[in-house]
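Colleague: Below is one structure. I have some questions about it.
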Amino acid sequence: SSAASDVYKRQAVTAVANIAANGTWTAAAADITSLDEGSITVNASVSDLAGNTASATELTVTLDQTAAAVAITSSALSNDATPVVSGTAEADATVIAVIAGATYTVTATGGAWSIDTDTATVTSGTLAINANGNNSVSVTATDAAGNISAAVVQTLVVDTTATSGTISIDAGSLV
């Protein structure tokens, strides 16, 4: 094994806390934006006025500061006045979709989400689909760490008007 493979990147952030008379403490917020994402180990130690120190058991946590990804994969054109809007997001993310004035909240199970506007429960607002025109769709996702995606938008065009016309057949051309 080479020496380079035995080198680990160590990063540190220090937060100071004052201990209350009852022994409880809360650390002030620390800037952790410089830390790499992934598994990190949290250590706590305490010193008294005499210089005696003690350490607590280490805690390993996952640092995730990356915004959740979300996409709308359903067609932007529908002939259904109660369309299904669907897409992808980080697995188990909470997806909030605002479709034609109605807000829906679903979970991206296995990374996929879907909202059937005919049967899904509206969490706020009122669904006002323009059955022959443009309808706004805006979707965000929030991952388990609380990171929120940028909104993804789509103009959903619904066209429920049947095509009409006349077909003429020249009987003389039939053989």
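Colleague: Each residue of the stretch 109-119 in order: what ³J(HN,Hα) in whole Hz does its phi give by Karplus 6.51 cos²θ - 1.76 cosθ + 1.60, θ = phi - 60°, with x for Gly and Pro?
Modeller: After applying 6.51 cos²θ - 1.76 cosθ + 1.60, I find 6, x, x, 10, 9, 7, 10, 8, 5, 7, 10 Hz.
Colleague: Now a separate question. Taking a ≥ b ≥ c as the square roots of the eigenvalues of the Cα gyration tensor of the stretch 131-175, is the shape rounded (a/c under 1.5), prolate (a/b larger than b/c) or oblate?
Modeller: Numbers: a/c = 8.08, a/b = 4.29, b/c = 1.88.
Here the stretch 131-175 falls in the prolate category.
Colleague: Could you put 113, 25 in order of accessible surface area, largest first, with the 1.4 Å probe and the full protein assembly present?
Modeller: Greatest to least solvent exposure: 25, 113.
Colleague: Another one. Mean-square fluctuation check for the chain, GNM, Cα pairs under 10 Å: which of 22, 130, 79 is largest?
Modeller: The residue with the greatest mean-square fluctuation here is 22.
Colleague: Place +1 on the Cβ of every Lys and Arg and -1 on the Cβ of every Asp and Glu in the chain, take the dipole about the Cα centre, and give the residue among 132, 84, 22 whose Cα lies farthest towards its positive end.
Modeller: Of the candidates, 22 comes out farthest on the positive side.
Colleague: Sort 82-93, 26-37 by the packing proxy (mean of other Cβ within 10 Å over each peptide's residues), most packed first. Working shown, then result.
Modeller: Details: 82-93: 19.5, 26-37: 9.8.
The most tightly packed comes first, giving 82-93, 26-37.
Colleague: At a temperature of 20 °C and a viscosity of 1.002 mPa s, determine how fast the chain diffuses translationally according to Stokes-Einstein, using the Kirkwood radius over alpha-carbon pairs as Rh; express D in µm²/s, rounded to the nearest whole number.
Modeller: On the way: Rh = 21.4 Å.
Rounded, D is 100 µm²/s.
Colleague: State to the nearest 20 debye the size of the charge dipole of the chain about its Cα centre, where the only charges are +1 on K and R beta carbons and -1 on D and E beta carbons.
Modeller: It comes to approximately 240 debye.
Colleague: Would you please state which residues of the stretch 129-153 a label at residue 65 would reach in this model, taking the label point 7 Å out along Cα→Cβ and a backbone N cut-off of under 20 Å?
Modeller: The answer is 142-150, whose backbone nitrogens lie closer than 20 Å to the label point.
Colleague: Just how much of residue 164 is accessible, in Å², when a 1.4 Å probe is used and the result is rounded to the nearest 10?
Modeller: Ignoring ligands and nucleic acids, residue 164 comes out at about 110 Å².
The values are calculated or read from the model by the stated rules, or taken from the named source; none is laboratory data. It should be emphasised that the depicted structure is a prediction, and the values quoted were computed from it without experimental measurement. We place every Cβ from the backbone using ideal geometry, glycine too, and count neighbours over all the protein chains shown. These accessible areas exclude ligands, DNA and RNA; they are computed on the full protein's heavy atoms, side chains included. Shrake-Rupley method; radii C 1.70, N 1.55, O 1.52, S 1.80 Å.
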